[in-house]
Amino acid sequence: MTSLDLAPAPDSGTAEGAVEAASDRVLEIRDLHVVPIADPTREILAGIDLTIRKGEVHAIMGRNGSGKTTLAYALMGHPAYRVTQGEVLWKGIDVLKLSPDKRARMGLFLAFQYPTAIPGLSVASFLRTALNARRRPVYGGDSTIDPSDATRGGISMRDFRVLMREKMALLKLDDAFAARYVNEGFSGGEKKRLEMLQMAVLGPEFAILDETDSGLDIDALRIVAEGVNAQLNPDLGVLLITHYQRLLNYITPDVVHVLAKGRMIKSGGRELALQLEEEGYAPVLREAGLEIDFQDEAPEPAEAVE
């Protein structure tokens, strides 16, 4: 499917076309302010500015409650949060004006920190339904096309099986994995590997990985990181959210950002993550003029962390 079923793209040889082509490869967050619906007087994100290009991996690090998960959920349109100011430009469109499903069809993807179990729904059925939904046009489209129907535009079972086997082999998953119910009885590592399988099947252009390392032992962390690395390519941008530098031993970021008090207080290369691992956040907080012993924002709303 095309990225957006809109007007024809401008000629790339013109100035307008060059700008359009550039915007297709950049996610730009401008002055993003976010509050929880449950407590709109408490601002969690207080003006986030961030630019990530396809082919880049950006890591965001910060203390508990600094707003990392809020940023991930705000980008994908979680109903527990409200954007009070700012915009997020992707493919020339402010995605904050779109519903979560339309953001996904535009190529955005979120891997959850705490994936939800869905008893009775097999991994294969779940992924086929998700892929068909991903392929639907963002706006309008031909009414004769129904991606949920293999005879009217949906992926055939044969083609889907071929795709599934290819992606499961990429992630070193046994074929029996596809018949299990979504996250039911899964270990922490299996849940995160399913998130990576979703990413591989859906083929996003921009992936937000929310604390992919959470709850994993070293072996599981390495396997999940290998799954991420296997999918990195020049046409995929990645926003990697993590508490610890250890994940960055396996996934090398192009840029590391430190988030505190709802804003980015410092950015640098991988050496910044190593500095945080060795020295903690105190020097960076002091440099930003923040109290060393300050308490970050309270834990994010329980209803937003599932």
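Here are some notes:
- Note that region 210-218 has calculated 3J(HN,Hα) couplings of 8, 6, 4, 8, 4, x, 9, 7, 4 Hz, one per residue in order, obtained from phi through the Karplus relation 6.51 cos²θ - 1.76 cosθ + 1.60 (θ = phi - 60°); glycine and proline are x.
- When peptides 62-71, 122-131 are ranked by their average number of other Cβ atoms within 10 Å per residue, the highest-first order is 62-71, 122-131.
- Kirkwood hydrodynamic radius computed over region 15-300 comes to 19.9 Å, based on all pairs of distinct alpha carbons.
- Violating pairs (Cα-Cα greater than 21 angstrom) within the set K54/K91; K68/K192; K97/K192: K97/K192
- Once you reduce region 209-229 and region 80-137 to the center of their Cα atoms, the two points are 21 Å from each other.
- Residues Y281, Y139, Y250, sorted so that the one with the fewest Cβ neighbours within 10 Å comes first: Y139, Y250, Y281
- Look at the dipole of region 15-300 built from charges on Cβ: of L221, L121, M264, the Cα furthest out on the positive end belongs to L121.
- Per-residue 3J(HN,Hα) values for region 46-60, derived from phi via the Karplus relation 6.51 cos²θ - 1.76 cosθ + 1.60 with θ = phi - 60°, read 10, x, 8, 10, 7, 10, 10, 9, 4, x, 10, 10, 10, 9, 10 Hz in sequence order (x marks Gly and Pro).
- Near-label residues of region 115-139 by backbone N, under 16 Å of a point 7 Å along Cα→Cβ of M157: 122-129
Just so you know, all these numbers are worked out from the coordinates, no wet-lab data involved. Remember, predicted model here, so these are calculated numbers, not experimental data. Positions of Cβ are backbone-derived with ideal geometry, glycine not excepted, and every protein chain shown enters the neighbour counts.
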